[in-house]
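Just below is one structure, and these are the notes that go with it.
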Amino acid sequence: MSTAEKHGNPEIKPFWPPLAAGIALGLVLLLTFVLSAHGLGASGAATDVVAGAGLTLAPEATRANGYLGPMVADGSPIGSWMTWEILGVAIGALVAAFTAGRFRVQLDGARSVGTSKRLITTLGGGFLAGFGARIAGGCTSGLGLSGAAALGISAFVFLALFFAAGMIVSRLVKGV
């Protein structure tokens, strides 16, 4: 037992080396294509939950909606493969954080910016990212990982623009 464990603090395990993590992610992506005929993706799960909630709360309006209607034509999409994938990612992340001794709740940047401003900008950025993912037809994992693995031209255009926008925004909000 280490000194940290004797004093009630779990030992923090190191992160995986980037090469090993990249190879593991590539194998997971390959397995998802082989086992489910789908790639990785995340943003569609939120849309599935919204469509499923709409089907429960306002079924006629949801069925008549041009965007959500096709998603609920065969019933509630909440049980889709993507919803299960995101649930598995969340559970896996919690288990990994706990076993590595890295779980903690924190709000980065709250001291320099202020808690309320940081929460508002974080939620606003998340909303814009989600909106952009729906317009683009996928998120970084869906378009970037799965699309690039399938050699989709749109994936490479997306990745180039994603990184360029990230570099520009990082310069605009440096220190935030």
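Do the conditions hold for residue 50, that is, is it within 23 Å of residue 149 (Cβ to Cβ) and among the hydrophobic types (A, V, I, L, M, F, W, C)?
The answer is no for residue 50.
Do you know which residues across the range 92-126 are of a type in the set (A, V, I, L, M) and within 22 Å of residue 16 (Cα to Cα)?
Across the range 92-126, the qualifying residues are 93, 94, 95, 96, 97, 100, 105.
Condition check: assigned to a loop (DSSP other than H, G, I, E, B), open to solvent by less than 60 Å² (accessible area, probe 1.4 Å) and within 24 Å of residue 140 (Cβ to Cβ). Does residue 40 satisfy that? Reasoning before the result, please.
On the way: assigned to a loop (DSSP other than H, G, I, E, B): yes; open to solvent by less than 60 Å² (accessible area, probe 1.4 Å): yes; within 24 Å of residue 140 (Cβ to Cβ): yes.
Yes, satisfied.
Among the residues of the range 161-173, which ones are open to solvent by 60 Å² or more (accessible area, probe 1.4 Å) and of a type in the set (A, V, I, L, M, F, W, C)?
161, 162, 163, 167, 168, 169, 172, 173
Mind listing whichever residues of the range 36-60 are of a type in the set (A, V, I, L, M) and more than 21 Å from the chain's Cα centre (by Cα)?
Of everything in the range 36-60, those that are of a type in the set (A, V, I, L, M) and more than 21 Å from the chain's Cα centre (by Cα) turn out to be 55, 57, 58.
Only residues that are open to solvent by less than 60 Å² (accessible area, probe 1.4 Å) and free of Cβ contacts under 8 Å to residues at least 40 places away in the same chain: list them for the range 141-159, please.
143, 144, 148, 152, 155, 158, 159 - these are the residues of the range 141-159 that are open to solvent by less than 60 Å² (accessible area, probe 1.4 Å) and free of Cβ contacts under 8 Å to residues at least 40 places away in the same chain.
Mind telling me which of the residues 91, 78, 86, 23 ends up being open to solvent by 40 Å² or more (accessible area, probe 1.4 Å) and in contact with a Gly (Cβ under 7 Å, 6 or more places away or on another chain)?
Details: 91 fails: in contact with a Gly (Cβ under 7 Å, 6 or more places away or on another chain); 86 fails: in contact with a Gly (Cβ under 7 Å, 6 or more places away or on another chain); 23 fails: in contact with a Gly (Cβ under 7 Å, 6 or more places away or on another chain).
Exactly one of 91, 78, 86, 23 is open to solvent by 40 Å² or more (accessible area, probe 1.4 Å) and in contact with a Gly (Cβ under 7 Å, 6 or more places away or on another chain), namely 78.
When the range 119-139 is examined, which residues are found to be touching a residue at least 40 places away in the same chain (Cβ under 8 Å) and open to solvent by 60 Å² or more (accessible area, probe 1.4 Å)? I'd like the intermediate steps shown before the answer.
Going through the range 119-139, the residues touching a residue at least 40 places away in the same chain (Cβ under 8 Å) turn out to be 121, 130, 133-134, 138-139.
121, 134, listed by residue number.
Restricting to the range 94-118, count the residues that are among the hydrophobic types (A, V, I, L, M, F, W, C) and either on the phi > 0 side of the Ramachandran plot or exposed (fewer than 12 other Cβ atoms within 10 Å of the Cβ) (or both).
5
Being in contact with an Asp or Glu (Cβ under 9 Å, 6 or more places away or on another chain) and over 19 Å from residue 133 (Cβ atoms) is true for just one of 11, 60. Which residue is that?
Values: 60 fails: in contact with an Asp or Glu (Cβ under 9 Å, 6 or more places away or on another chain).
Among 11, 60, only 11 is in contact with an Asp or Glu (Cβ under 9 Å, 6 or more places away or on another chain) and over 19 Å from residue 133 (Cβ atoms).
List every residue pair whose Cβ atoms lie under 6 Å apart, where the two residues are 6 or more positions apart in sequence or sit on different chains, the first residue falls within the range 72-90 and is closer than 15 Å to residue 43 by Cβ, and the second residue, located anywhere, is among the basic types (Lys, Arg) and outside any loop (DSSP other than H, G, I, E, B).
none
Can you tell me which residues in the range 43-68 are out of contact with any Gly (no Cβ under 9 Å at 6 or more places or on another chain), part of a helix (DSSP H, G or I), more than 13 Å from residue 80 (Cβ to Cβ) and of a type outside the set (S, T, N, Q)?
Of everything in the range 43-68, those that are out of contact with any Gly (no Cβ under 9 Å at 6 or more places or on another chain), part of a helix (DSSP H, G or I), more than 13 Å from residue 80 (Cβ to Cβ) and of a type outside the set (S, T, N, Q) turn out to be 53, 54, 57, 59, 60, 64.
The values are calculated or read from the model by the stated rules, or taken from the named source; none is laboratory data. What you see is a predicted model, and the numbers here were worked out from it, not measured in a lab. Note: ideal-geometry Cβ built from the backbone for every residue, glycine included; neighbour counts use all protein chains shown. Protein only, heavy atoms only, side chains kept; ligands, DNA and RNA dropped before computing areas. Shrake-Rupley method; radii C 1.70, N 1.55, O 1.52, S 1.80 Å.
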